[in-house]
Each structure stands twice: as C-alpha cells, then as structure tokens.
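These notes are about the structure you will find just below.
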Amino acid sequence: MAAAGLYRRKLPSPPAIEFASPEGKRLFTEAYQSGTMEGFFKLISHFQTQSEPAYCGLATLAMVLNALAIDPGRKWKGPWRWYDESMLDCCEPLEKIKAEGITFGTVACLAQCAGAEVKAFRTNQSTIDDFRAHVIKCTSSEDCHLIVSYHRKPFNQTGTGHFSPIGGYHAESDMALILDVARFKYPPHWVPLALLWEAMDTIDKTTGRPRGFMLISIHQKVPSLLYTLSCRDERWVTMAKYLMDEVPILLKSEDLKSVPLVLSILLESLPACAGYFINWVLEVRRQEENGSSLSKEEKERLAAKEEILQQVHETGLFKCVTDLSSSSNSNHTLEEKHLLSEIAANVCCQEAALLSGELTSSTGICSRTCIKCFKVNDDKSTTVVSGTVVSGGNRHEVDMLVPVSKATSGCCCNSTLNNCTVMHPASTYVLTVLLLALPPNTWLDIKDKSLLSEIQGLVSTENLPDALQQEVLHLRRQLHYLKRCKDKEVDDDSTLCWFT
C-alpha cells in the first residue's frame, strides 16, 4: 500500500499569524493604509509554489524576477519569455540543487546572472535596525523586493533552512509578511520582525556561516546580449584566480617591452578551462513556432548582437589578438569547441530538454543539425541552426538563431557554412572581450610607462561604442562579483537550504 503522505501542516500560531485569518486581514488592511504593502501586489501576481522540496530559493527568485518584470531574454514555453525555476541554472546544475539544496551565495549569483541588482547581507554584516529599514523601504516600493534566508525552528515550524520573499510590513506590531513559497506546507503568514531576525541569525551547521537577507531590484545597467560569465562549472574558481591574482603578477615582468609580448604571456598562461568561463548567450526556439520566419523582436536582437560583434572586430585590441593568434608558431587560443555544428548539437540538446520541461539533457541525443542561411529582408541574411533531438523516445525540433556578418541564402547540412560567414564567438572575439572586461587597475604594474600607456589605450572602455561598452561593463561587474565570491566576501558555499 502506498504511503498516505502529508496534506499541509497546521501553522503554529503564535508566533505566526495566518495571512487569511481575521487578524491577518486586519494587519494587511492597516499596513496597506500605511503604505507598506506596495510591493505585495506585484509579488502576489507572480506567487508560485516551489516545484521541488529543495527549490525554495529558485521559486522565490523566479517570483521576484517576474514581479520586477525582468525579461529573461529567452523563451520558457511556446512563444513566452518568463522566469521559471527550470531556467535558473547558470550558477549551479538543477540536478545538484534538487539533490543537495541551494546556498545563499548561489541565489545571489543567479539573481546577478538574470540581470538584477543584488545587495546581500548576512546577519553578521547588518543589524536588526538596518534590516527593519530595508524591509520598510522594499515594502513601500514596487521596485525592490526582499528575500530572507532563515531557519524555521524559531517559528516552531518543521524543516530547517528556507528562502521566501517578504510581502509587507505592519509598523505598529512590527511584523513582516512572509510569502512562503512552500505553499503545500504553510500558507503566507505574519511573523514578528524581531523573531524573523532571530531566525536569520542562525548558523548553518554545514558551513558554519549565518543566514541573512538580500535586496533584489532592477539593475540600472542593461544586461549582456552576447556574452556572459559562467560559474556553473566549478573550474570558474581557477579562472577567476588567474584573472584577478595571477595576471597582475605576470605583468610585473621586466621583459615586457611590447603589446604582443604582453598579450603573448597572458594568453600562454591561460588555464585550460578558460573556454568554459565565458559563454555565448544563445537564443533557441521550437521549430514549429514560426517556421523559417523571424519575429520583429528576434530580428532586432540578432541585429544588436551582430552590431556588438562588428564593434569588437573594429577595436585595436581585436587586431592585436588576431595577429597574435594567427601567427604561424602561435598556440594562443582558447580550447576550440567552436565548430558551429558542435555548438549546435550541445545547445539544441540542452534547450530541447528545457523547452519540453525536463530538468536534464543527459539522455538527449542530437541526431542531426542543419545550418540554414536565408534572407531576412532584401539586403540581409540570417543563419538558423536546426536540430533534431531524441530524448526519452520523443523527438524535439529546435532552432538556434545565429548572428552573421554576411551570408547568402542556402542550406548546408554539415559542420561548415560553405558560403555563409558566421560570426559565432570564436576565440579571438572571446579573448578580446575578456581582456576589455578586466578591471583597469589590472595593468598598472607594467613597468614600461610608454607600454602601459599604449595598453591602457587599447583596453579603455571610454571610447567604445555604447553597445560594446555596456557588454564589457556587464562582464566587468560579473568579474567583480565572482572575485568577491572567490575571496569569500560573498560565500558561494553558504547557507544551505535543504528540504523545506
């Protein structure tokens, strides 16, 4: 006989007050009249229940990102772009989160990757008065939402670590509204703010670090269109250490007398995992949605990516990197996993799994990729890589949209494009953008002042075209955040949120 299972749990009250109770309604009404329920309506419009016992952090973040109307830039299902738990996988594999839970640092990382502005505080980095001020600020606005990471025990609730957003604040009773994403277990409820601080000010036994809260808002800077840094592969620590710690040491060499020598020593020392650190932002769709046509928005995004690639191509630094990489005795390149057919096979498998609602593509086999170039309008062509993926006995037909420099219409179902010139992110483009994204103080240890001046002119972002400048500055912000993770200023392995 199958186990009966559980249907919810009774909310321990006190200390909590159920949102839908008469007392909960009174608190809501008074808080609304006081102006500290402004963020509630956006959140409640996107309220969702976590789909897995360990997905409280993912559900909370998806709810907040949708409440802030942050466009994920890729499709969820059908034609719709929308944040779902299954799409929050840039910092940690979903399979790992499902099995082990999620950390405070990973939730912050995911929010950063999504283009949100994140301010994270552990209780040892803040005070209860500061926390209260942040709660009041966020609940009085639609532009900022507050996520809490806490232990359930102080509320006499079952479970351990948990994430949920704060939906409101009642000043007279000093109570906060927790919109609990484990709705199968407990309904939304009001709790004393002092007790919530106590629940956050607990030490995770696995990591020895306190829990805390984070403020999520819309970033004033536009997110990346073409490139993004990835910390999903654990080797990112090696790459971050190289860029932030080892590169400045390499640049202290007395032997550096020219730009080619500077680039040569940096590229020769690149870790083998460098190619996995910076990723290409791709757009994938189901074939049956639009056939071979592109929507107005798809055309605009492709055009924007092409513009950025062209701007990279026109920089002086790109010419230096290209000259060095193309020299006859040069080994200065990233590990080339860049054959378009290979990229297509890998990406199509991953995206077919996502579009079909699966969490893993490990069982998917990309049986065929077809690279097609066709006219978008009278004077431009675009490239679509079509893939057929077989997974679990099901076939998925997906398209990958590729920015191009110049092409002629036709179809070539092999690993090359023949007469189609595709500007996918080959190593010279990737290396150029990565070097541009390094913090300006990276180069200050170059001894030769004339050489330093020349290098600074090549890597300066001040005179870059706007689109490329925004792309580079986005990557620079990501580098800064990853450095903080590496240095444990933001703990990438902290506050384990396990079964809720």
Per residue solvent-accessible surface (Å²) - the range 1-95, probe of 1.4 Å: 51
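Among the GluC sites (Glu not before Pro) within the range 82-176, which fall in a DSSP loop and have no more than 10 other Cβ atoms within 10 Å of their own Cβ? Provide the component values of the computation, followed by the final result.
Values: sites: E85, E95, E100, E117, E142, E172; in loops: E142, E172.
Listed in order of number, the matching sites are E172.
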Whenever you get a sec, line up C90, C56 from highest to lowest accessible area (probe 1.4 Å, protein heavy atoms). C90, C56
Just reorder D204, D466, D323 by solvent-accessible area, largest first, 1.4 Å probe, all chains present. D466, D323, D204
Leaving ligands and nucleic acids out of the surface, order L196, L324, L261 by accessible area at 1.4 Å, largest first. L261, L324, L196
Percent carbon-and-sulfur accessible area, the range 77-129, ignoring ligands, DNA and RNA, probe 1.4 Å: 52
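Can you flag which of K77/K137; K42/K75; K42/K77; K241/K449; K42/K137; K137/K205 are past 24 Å Cα-Cα? Each step should come with its number before you reach the end.
Details: K77/K137 34 Å; K42/K75 21 Å; K42/K77 22 Å; K241/K449 26 Å; K42/K137 15 Å; K137/K205 31 Å.
The pairs that break the limit, which is 24 Å between Cα atoms, are K77/K137; K241/K449; K137/K205.
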So with the 1.4 Å probe, I'd like the accessible area per residue for the range 165-213, rounded to whole Å². 32
Karplus-derived HN-Hα couplings along the range 263-269 (A = 6.51, B = -1.76, C = 1.60, θ = phi - 60°), whole Hz, x at Gly and Pro: 5, 4, 5, 6, 6, 5, 8
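The values are calculated or read from the model by the stated rules, or taken from the named source; none is laboratory data. On a predicted model such as this, the values are computed, not experimentally measured, just so you know. Methodologically, a virtual Cβ is constructed for each residue, glycine included, from the backbone with ideal geometry; neighbour enumeration extends over all protein chains shown. Please note that ligands, DNA and RNA were not included when accessible areas were found on the heavy atoms of the full protein model with its side chains. Shrake-Rupley method; radii C 1.70, N 1.55, O 1.52, S 1.80 Å.
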